[in-house]
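See below for the structure under consideration.
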Amino acid sequence: MHNQTTPLLSGRGLIKRYGQQHALAGVDIDVHAGEVLAIVGPSGSGKTSLLHVLAGILRAEEGQITLAGQRIDQLNETRRSELRRTEFGFVFQSGMLVTELTAEENVALPLLLGDRDKRESIAAARDWLGRLGLAGKEGRRPGELSGGEAQRVAIARAITHRPKVIFADEPTGALDTKTGHATVHALIDAARATGAAVIIVTHDRELAAAVPRTVSIRDGQIERQASARAVPVA
Ligand SMILES: Nc1ncnc2c1ncn2[C@@H]1O[C@H](COP(=O)(O)OP(=O)(O)OP(=O)(O)O)[C@@H](O)[C@H]1O
Ligand SMILES: [Mg+2]
């Protein structure tokens, strides 16, 4: 999986502190275009902090982040939020869908926020919902969907604007094992179809083993990296 091209997303010397506590104690990480990687590690090891720092949700005290070779860590909040809306997609542990909106409205939201045509945005949303097996459920609100279905809506929402990187923090945390694995495979397949890179934080070792590359983090530092051929999970 490693190649010589410029990484799509790169972090160097990332340090994130909360008071005296080091959430990230000097992390270097490269993610290439279209790559799928899992970040694993014990609770409190810094996984969410790393994801949030890479995505520009949190600012690191030290270190550099580049996207396609361009520094993004020094952008102001307005530019960072624009970057998050256009270049990145997010899937969180439990959906974070807007409860008042239908599935298709939730999925279309990032496009509408980017001033895209309403009809076009809804059409793109419906297309992705169909590809994720949710045809016929476009008009349901999140409360009318199962946990696995709601996560697939969240995946559709994360990908419809064709981001370069999708960040997923424990996307299966609220699901049973089987539904969780199916959900992650839906995410990986969707990303493959668009060429997006995917960074998945997970506690699930079995799931991590099915992803081409795993980065282990402990006490805010990268412990080891493993690249293996993906093996299918049930
Ligand atoms: N807002 C905060 N204020 C203070 N300390 C924080 C804050 N967020 C995280 N931390 C601390 O930073 C460290 C890393 O937290 P982080 O959330 O990145 O861990 P994690 O690996 O995602 O854990 P989990 O698997 O439980 O989600 C922990 O020691 C945590 O207590
Ligand atoms: Mg976390």
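Residue-by-condition table, conditions (1) in a helix (DSSP H, G or I); (2) touching a residue at least 60 places away in the same chain (Cβ under 8 Å); (3) of a type outside the set (A, V, I, L, M); (4) open to solvent by 30 Å² or more (accessible area, probe 1.4 Å):
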| position | (1), (2), (3), (4) |
| --- | --- |
| Glu104 | yes, no, yes, yes |
| Val107 | yes, no, no, no |
| Asp115 | no, no, yes, yes |
| Ser121 | yes, no, yes, no |
| Gly130 | yes, no, yes, yes |
| Leu134 | no, no, no, no |
| Lys137 | no, no, yes, yes |
| Ala150 | yes, no, no, no |
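Where residues in segment 57-95 are within 24 Å of Val107 (Cα to Cα), surrounded by fewer than 21 Cβ atoms within 10 Å (Cβ to Cβ) and small (Gly, Ala, Ser), which of them is farthest from ligand 1 (Cβ to nearest atom)? Here the residue is Ser81. Counted as qualifying within segment 12-96 are the strands (runs of 3 or more DSSP E) with 2 or more residues that are out of contact with any helix residue (DSSP H, G or I) (no Cβ under 7 Å at 6 or more places or on another chain), namely 21-31, 62-67.
Among all positions in segment 121-138, there is no residue which is hydrophobic (A, V, I, L, M, F, W, C) and within 29 Å of Pro42 (Cα to Cα).
Is it the case that some residue within segment 34-53 is surrounded by 15 or more Cβ atoms within 10 Å (Cβ to Cβ) and without any contact (Cβ under 8 Å) to a residue 24 or more places away in the chain? Looking through segment 34-53, at least one residue is surrounded by 15 or more Cβ atoms within 10 Å (Cβ to Cβ) and without any contact (Cβ under 8 Å) to a residue 24 or more places away in the chain. Considering (1) at pLDDT 95 or above; (2) farther than 16 Å from Ala68 by Cα, the lone condition that Leu54 does not fulfil carries the number (2). Of all the residues in segment 156-178, those that are more than 18 Å from Gly130 (Cα to Cα), open to solvent by 40 Å² or more (accessible area, probe 1.4 Å) and either in a helix (DSSP H, G or I) or not acidic (Asp, Glu) (or both) number 5.
The values are calculated or read from the model by the stated rules, or taken from the named source; none is laboratory data. Since this is a predicted model, take the numbers as computed values, not measurements. Every residue, glycine among them, receives a Cβ derived from its backbone with ideal geometry; neighbour counts consider all protein chains shown. Each accessible area value is taken on the protein alone, full model and side chains, heavy atoms only, with ligands, DNA and RNA left out. Shrake-Rupley method; radii C 1.70, N 1.55, O 1.52, S 1.80 Å.
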